[in-house]
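Below is one structure, written out as structure tokens; the observations come after it.
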Amino acid sequence: MNNATRARRALLATVLLAGGLLLGQTVTAPAAEAAKSGTCNVNQLHKQARDERDRAAQLKRLGAREEARRATARADALDRRARQCARADEVVAPPFGR
């Protein structure tokens with residue numbers, strides 16, 4: 001019984017450590033991306049959204065309604081992000097002190 005408890009604790013610690021590393025990578029990834037370019041590729045985001053909408057339509061035709069709904073939601077999120085990026089490029093504040 002004691003060995004099983006140790007094994008469970010070791011497994012739990014490993015899972016928590018791996019989850020923390022993955023979470024840490026996802027938190028720092030957007031910051032690194034933003035620092036790299038400053039803006040995003042609006043045309044690429046619109047293309048990805050069109051691809052997701054095409055995928056959603058195909059899934060809907062095949063009868064997979066729930067997956068189609070999720071694909072449509074992803075397409076909406078990509079469109080929203082593209083609009084935000086385009087607006088951020090248009091409405092750029094001047095540097096501080098000018």
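General observations
- Just one of (1) among the aliphatic types (A, V, I, L, M); (2) more than 27 Å from GLU90 (Cα to Cα); (3) modelled with pLDDT of 70 or more fails for VAL15. It is (3).
- Top-ranked residue in region 43-74 [being of a type in the set (Gly, Ala, Ser) and loosely packed, with under 14 Cβ neighbours inside 10 Å; ranked as nearest to CYS85 (Cα to Cα)]: ALA73
- Against the conditions (1) open to solvent by 100 Å² or more (accessible area, probe 1.4 Å); (2) at pLDDT 95 or above, ASP79 satisfies every one except (1).
The values are calculated or read from the model by the stated rules, or taken from the named source; none is laboratory data. Model, not experiment: these values are computed from the prediction. Quick reminder, even Gly has a Cβ in these numbers, built from the backbone with ideal geometry, and neighbours come from all protein chains shown. We work out accessible area using only protein heavy atoms, side chains counted, and drop any ligands, DNA or RNA first. Shrake-Rupley method; radii C 1.70, N 1.55, O 1.52, S 1.80 Å.
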